[in-house]
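Contents: one structure, followed by commentary.
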Amino acid sequence: QWTAEEKAAITSVWQKVNLEQDGHDALTRLLVVYPWTQRYFSSFGNLGNATAIAGNAKVHAHGSKVLSAVGDAIDHLDNVKGSLHDLSELHAFNLYVDPENFKYFGQVLVIVLASKLGSAFTPQVQGTWEKFMVVLVDALSQAYN
Ligand code: ZNH
């Protein structure tokens, strides 16, 4: 499924990721750019505007949790489905998250990585990350089928 170059593109980018900061940036973008996603996080308190979202401690903590799960998937690139099996069930049967939203998270994550890495995020690296996001979304959506 992955060439050696693709694996290197994924892991070398991931080494530069700061789970807390970049997870926070990605989740903040998700909640601001796709505001309907806020409804899943009603227990997080004030998400009233972009400033409130960016300053929300629960958003902060949750961002790094989500990126840790992405990191687990990267540690199991040959079995992403297996590594996200239980999380897929959690989202499908307990959290009732519409899986369309996983795609939006993939989009904001790519944007966060691009703005962080600048020219190191080459078109080729982006292409590999887009492919990885498809695999990730597919794995997180498995329980919905
Ligand atoms: Zn999610 C949770 C991951 C997306 C919503 N998540 C969660 C967790 C994790 C995750 C790890 C934790 C779990 C436990 O605790 O156990 N997610 C994830 C990932 C992704 C996601 C990896 C991607 C891609 N989510 C998502 C989205 C949404 C969500 C898109 C919406 C919109 N999640 C969620 C919720 C929760 C979670 C709501 C719960 C939270 C709390 O804390 O409450």
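Some points to look at:
- A Cβ distance below 7 Å, combined with a sequence gap of six or more or placement on separate chains, defines the contacts here; from the stretch 102-128, residues that are under 23 Å from Lys65 (Cα atoms) and part of a helix (DSSP H, G or I) reach residues that are within 16 Å of the ligand (Cβ to nearest atom) and of a type in the set (Asp, Glu) in the pairs Val110/Glu130; Val112/Asp22; Val112/Asp25; Lys116/Asp22.
- For the stretch 84-96, a residue qualifies if it is under 15 Å from the mean Cα position of the chain (by Cα) and surrounded by fewer than 19 Cβ atoms within 10 Å (Cβ to Cβ), and exactly one does: Leu87.
- Test for Asp86: is it more than 25 Å from Gln21 (Cβ to Cβ), assigned to a helix (DSSP H, G or I) and either in contact (Cβ under 8 Å) with a residue 24 or more places away in the chain or not polar (S, T, N, Q) (or both): yes
- Pairs where the first residue, in the stretch 11-22, is of a type in the set (Phe, Trp, Tyr) and the second is in a helix (DSSP H, G or I), C-beta under 7 Å, 6+ apart: Trp14/Gly71; Trp14/Ile74
- Any chance Leu30 is touching a residue at least 40 places away in the same chain (Cβ under 8 Å) and either within 15 Å of the ligand (Cβ to nearest atom) or over 22 Å from Ala143 (Cβ atoms) (or both): yes
- So Asn145, is it at pLDDT below 95 and away from the ligand (no atom under 13 Å from the Cβ): yes
- Counting the residues of the stretch 18-27 that are away from the ligand (no atom under 12 Å from the Cβ) and in contact with a helix residue (DSSP H, G or I) (Cβ under 6 Å, 6 or more places away or on another chain) gives 4.
- Listed by first and then second residue, the pairs linking a residue in the stretch 63-79 that is touching a residue at least 40 places away in the same chain (Cβ under 8 Å) and under 13 Å from Glu20 (Cα atoms) to a residue that is within 10 Å of the ligand (Cβ to nearest atom) and aromatic (Phe, Trp, Tyr), with Cβ atoms under 8 Å apart and 6 or more places separating them unless they lie on different chains, are Val66/Phe105.
- Top-ranked residue of the stretch 93-115 - restricted to ones that are of a type in the set (A, V, I, L, M) and more than 13 Å from Tyr40 (Cβ to Cβ), ranked as nearest to the ligand (Cβ to nearest atom): Leu109
- Residue match in the stretch 116-139 (condition: farther than 17 Å from Ile10 by Cβ, of a type outside the set (Asp, Glu), out of contact with any strand residue (DSSP E or B) (no Cβ under 8 Å at 6 or more places or on another chain) and within 15 Å of the ligand (Cβ to nearest atom)): no
- For the stretch 40-74, filtering for residues that are more than 8 Å from the ligand (Cβ to nearest atom) and either surrounded by 13 or more Cβ atoms within 10 Å (Cβ to Cβ) or under 15 Å from the mean Cα position of the chain (by Cα) (or both) leaves 14.
- Residue check, Gly82 within 13 Å of the ligand (Cβ to nearest atom), among the small types (Gly, Ala, Ser) and under 25 Å from Gln142 (Cα atoms): no
The values are calculated or read from the model by the stated rules, or taken from the named source; none is laboratory data. No experiment lies behind these values; they were computed from the predicted model shown. Heads up, the Cβs are rebuilt from the backbone with ideal geometry, glycines too, and the neighbour counts pull from every protein chain shown.
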